1. Not counting the cut sites, what is the longest span of the chain without chymotrypsin sites (Phe, Trp or Tyr not before Pro) that DSSP labels loop and that have at most 12 other Cβ atoms within 10 Å?
2. What's the longest bit of the chain with no exposed GluC sites (Glu not before Pro), using DSSP loop states and at most 16 other Cβ atoms within 10 Å as the test?
3. May I ask for the angle, rounded to the nearest 10°, between helix 227-240 and the longest principal axis of the chain, with both axes built from Cα atoms and the value confined to 0 to 90°?
4. Would you please state the base-10 log of I(q)/I(0) at q = 0.12, 0.15 1/Å for the stretch 70-141, with intensities from the Debye formula using one equal scatterer on every alpha carbon?
5. Hey, what number do you get for the chain at 222 nm if only DSSP H runs of n ≥ 4 count, each worth -39500 (n - 2.57), divided across all residues, to the nearest 500?
6. In the stretch 79-208, how does Rg compare with the Kirkwood Rh, expressed as the Rg/Rh ratio over alpha carbon atoms?
7. Residue-wise, which Karplus ³J(HN,Hα) couplings in Hz belong to the stretch 185-199, taking 6.51 cos²θ - 1.76 cosθ + 1.60, θ = phi - 60°, and x for glycine or proline?
8. Take the alpha carbon atoms of the chain, find their radius of gyration, then divide it by 2.2 N^0.38 Å using N residues; give the quotient.
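Bear in mind these aren't lab numbers, they're just calculated from the coordinates by the rules spelled out. This is a predicted model, so every value here is computed, not measured. All Cβ positions, even for glycine, are placed from backbone atoms using ideal geometry, and neighbour counts span all protein chains on display.
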Amino acid sequence: MKLLGMHEALFYDKTYRGEAHCLLCPVRCHIANGRTGACGVRKNINGTLYTENYGSISAMALDPIEKKPLFHFYPGFSILSISSYGCNFKCRFCQNWELSQGMPDTEERSAYDVIDEAKRCRGNIGIAYTYNEPLIWYEFVMDTAKAARENGLVNVLVTNGYIEEQPHMELLPYIDAMNIDLKGGGEFYRKICGGDVNSVRKTIERSYGRTHIEVTNLIIPGLNDGMQDIEDMAKWLASVGKDIPLHLSKYYPQYKMARPETPADTMLMARETAGKYLDYVYIGNVYGTDNNTYCPECNNLLVERKRRIRVAGIENGRCTNCGHKINIIL
Ligand code: SF4
């Protein structure tokens, strides 16, 4: 394990013209000597592909797990959240654009520094790789995740899900939970993110059953806020697993997008629409809404989320009222 600085990348081919063909994500960049890929962090130096952000930490904070958001994974606990910089999408509405599209100040840390910090934090269950896109930080995430496992800590990815199958499958055994963005349909990904929805859907399909997953959809007025869009997304997600928690998140103007924020009525309607297909739908960033978890069979209160988080109606993984199996890790 290399600790700091430039680190040779995994998953690439060398071409006869001296290019590096990166195979980490579906962008599949052909990178000329001296250039970096579309994510801004993988650089070809004389035919060898390096990651420039290995061990470069832009932010580190102890967050409630609910902030990731993960509502069905150790509710009420905290997790040490770390990030680097760069992203393989170019979303105009990015809520963390200073880290994903900018060049923030960073500190060089080893995987073991992160583990030491994680073990020092009281009430911490592990490490969340978050804020910017962690999948393009692959090598550091993999090394840290392995060390975290050896130290009894869990690993959480908060991600856009834009990764090729082989690197995804090699990382999954070390990941305990993921929150994956499902931003919209095919046209939304093509026009707004510069990606394709099918690759993200495949990541969700491969992850389901192999690790705990929850999905987030940011609802943006005029772009993906039609109830038909919401229904299509919820139907598709239910075809993978109707017990996958869906977080509908309210958009605020950010970065290069100035559209007005999403109305609360739209959020409530979207929750009702998605709730016809999925067992657990939550809405984020809307003041005063009920985001408790109820049993999808008998409506018993399972987890109460007010100022404090209280597990109220789950025993041995089942609803205490009707015995229905509940997809929540405690
Ligand atoms: S990880 Fe970066 S360099 Fe590699 S294919 Fe994706 S965008 Fe290109």
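1. 17-286
2. Formally, the longest exposed-site-free interval is 1-260.
3. Tilt of helix 227-240: around 80 degrees.
4. -0.38, -0.59
5. -6500 deg cm²/dmol
6. Answer for the stretch 79-208: 0.97.
7. x, x, 5, 4, 5, 5, 7, 9, 9, x, x, 10, 5, 5, 5
8. Scaled against compact globular proteins, the figure is 0.99.
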